[in-house]
Amino acid sequence: MTELFARRSILGYCIGGAASAVVLASASRSEAATTTFKASLDGKSEVPPNTTTGTASVTVTYDPATKKISWDGTYSGLTGPVTAGHIHGPADPGKNAPPVVWLTKKGDPNPTFPSPFKGSAELTADQAKDLLAGKYYVNLHTKANPAGEVRGQLEKS
């Protein structure tokens, strides 16, 4: 009887310990996986630079489990309403690249884009790799500055 009890105790300990390890491993993987990026946007970061007094800030969160990015941002002091907003890449600071994610509605000639703004999108594997490598920037465009009024590189925070 004592031998049977000892076997059951050891077996229960092993199975319980393995189950706990699996739960802990998956919990820490998903918590550590989310990455946050921040960008401070201004006219001198545009390529070429401009003299706007407008500014903006954007926080982007990336979750690799869902391949989803979410963003929250604000802007002020721009020369007029935002006509388009994008995340561009891949590009190093000082270099231009095409839009990857539209913050405004793509193709809308008169977007409503109030401050604060927020949204989300799903990235491809290659886009996620470029984001994590620091190759994306945020750009807000206005009628007075159709190539971009304020810009800022997304950096891990």
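Read the figures in this text as sums done on the coordinates, not as results from a lab. The structure displayed is predicted, hence computed values, not measured ones. Reconstructed Cβ throughout: ideal geometry from the backbone, glycine too, with neighbour counts over all protein chains shown.
Couplings 3J(HN,Hα) of segment 43-48, computed from phi: x, 6, 8, 5, 10, x Hz, in residue order, whole Hz [Karplus 6.51 cos²θ - 1.76 cosθ + 1.60, θ = phi - 60°; x for Gly and Pro].
Only the Cβ atoms of Lys and Arg (+1) and of Asp and Glu (-1) were treated as charged; on that basis the dipole of segment 48-157 about its Cα centre amounts to roughly 80 debye. For THR104, the amide hydrogen comes within under 5 Å of the amide hydrogens of GLY85, counting only partners 5 or more places away or on other chains and with H modelled in the peptide plane. Summarising the amide proton neighbourhood of GLU46: residues at separation of 5 or more, or on other chains, whose placed amide H is nearer than 5 Å comprise ARG151. For GLY148, the residues 5 or more places off, or on other chains, whose built amide H falls under 5 Å of its own are THR142. Separation of segment 103-151 and segment 31-65, taken as the distance between their Cα centroids, equals 10 angstrom.
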